[in-house]
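The values are calculated or read from the model by the stated rules, or taken from the named source; none is laboratory data. Values in this document were obtained by computation on a predicted structure and should not be read as measured data. Cβ placement follows ideal geometry from the backbone for every residue including glycine, while neighbour counts extend to all protein chains displayed.
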Amino acid sequence: MSGLNDPAFFGDRYAHEYDERTVLDPAPAVEFLAGLVPGGGAVLELAVGTGRVAIPLAARGVAVEGIEGSAAMVERMRAKPGGSSIPTVVGDMADVGVTGPFQLAYLVFNTLFNLPSQARQVDCFRNVAKVLEPGGVFVIECFIQDLTEFDRGQRVATRALSEDAVHMEFLLHDPVEQAVTYQRVTFDAEATTLRPLRLRYCWPSELDLMAQLAGMRLRERYNDWDRGPFTRSSRSHVSVYEKI
């Protein structure tokens, strides 16, 4: 399963269908992020992907740069209107291979969890802090893992079923590594398609400690991009960390 630790693995497997399978409205995230840089300052998106957030944010007058592990994802972004104008480095987002300085860095849609270990997630925080201006902010969007989903560390679910195909999901949970390995499988008359994924999840308190180690502190935390209150019932969060 070593390919799951490769920064390019996810994008290379999913780039050809990412936009079609990821039906998410970027508008709330764009509105939230643009509000943090009212002067249209310099911004960095980690795991910029196909530009779902970066392109409309740049259209608001924000100077967006990107980092992306997969050249295939970047190719998709550059083929879109406005995508080719976003400077993007192809590389491991944990290394943050840009110079900055930036007023804002952000990482959306749980993508911090694509980094394979706690050590690499800590590296990401530290390297982001190095390219932020004093007082700059790092915004992350993450889910909160529901451990009750698993029975003896496993879960099998049918995602969709029709007369022509069945879409299933197989999951294994490792509580020591705080990791969930997914295999999303489509069976149809033509073929069996595999879509593997491994996520190393973090609790909010763990993220706060990573930020502290990097010289940042939690400024705000919300349930979502609409700034709903974060509570014990929240299943996701948008957290804003400020460089001290």
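When the range 200-241 is filtered for residues that are out of contact with any Ser or Thr (no Cβ under 8 Å at 6 or more places or on another chain) and among the hydrophobic types (A, V, I, L, M, F, W, C), the ones remaining, listed by number, are Cys202, Trp203, Leu209, Met210, Ala211, Leu213, Ala214, Met216, Trp225, Phe230, Val238, Val240. Entry remark, the range 226-242: residues being in contact (Cβ under 8 Å) with a residue 40 or more places away in the chain and under 19 Å from Glu206 (Cβ atoms) number 9 in total. For the range 184-212, a residue qualifies if it is among the acidic types (Asp, Glu) and either more than 30 Å from Ile244 (Cα to Cα) or in contact with a helix residue (DSSP H, G or I) (Cβ under 6 Å, 6 or more places away or on another chain) (or both), and the qualifying residues are Asp188, Glu190.
For every residue, the table says whether it meets (1) assigned by TED's automatic domain parsing to the domain that holds Asn114; (2) surrounded by fewer than 14 Cβ atoms within 10 Å (Cβ to Cβ); (3) in contact with a Ser or Thr (Cβ under 8 Å, 6 or more places away or on another chain).
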residue	(1), (2), (3)
Ser162	no, yes, no
His167	no, no, yes
Gln178	no, no, no
Asp188	no, yes, no
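Would you be able to say whether some residue in the range 81-89 is within 15 Å of the chain's Cα centre (by Cα) and among the small types (Gly, Ala, Ser)? The answer is no; no qualifying residue exists. Filtered by the rule that a residue be surrounded by 12 or more Cβ atoms within 10 Å (Cβ to Cβ) and in a helix (DSSP H, G or I), the range 1-17 gives Gly3, Leu4, Asn5, Phe9, Phe10, Gly11, Asp12, Arg13, Tyr14. Here the condition is being surrounded by 23 or more Cβ atoms within 10 Å (Cβ to Cβ), aromatic (Phe, Trp, Tyr) and at pLDDT 95 or above; of Phe113, Phe150, Phe102, it holds for Phe102 alone. Residues in the range 61-99 that are surrounded by fewer than 21 Cβ atoms within 10 Å (Cβ to Cβ) and touching a Lys or Arg at 6+ places or on another chain (Cβ under 6 Å): Ser84 alone. Applying a threshold of 6 Å to beta carbon distances and a minimum spacing of six or more residues, or different chains, the list of pairs starting in the range 171-185 at a residue that is over 12 Å from Gln154 (Cα atoms) and ending at one that is of a type in the set (Ser, Thr, Tyr) reads Gln178/Tyr201. For the range 24-39, the set of residues classified as farther than 19 Å from Glu220 by Cα and surrounded by fewer than 14 Cβ atoms within 10 Å (Cβ to Cβ) consists of Leu24, Asp25, Ala27, Gly39, listed by residue number. Tallying residues that are touching a Cys at 6+ places or on another chain (Cβ under 9 Å) and without any contact (Cβ under 8 Å) to a residue 60 or more places away in the chain within the range 95-127 yields 2.
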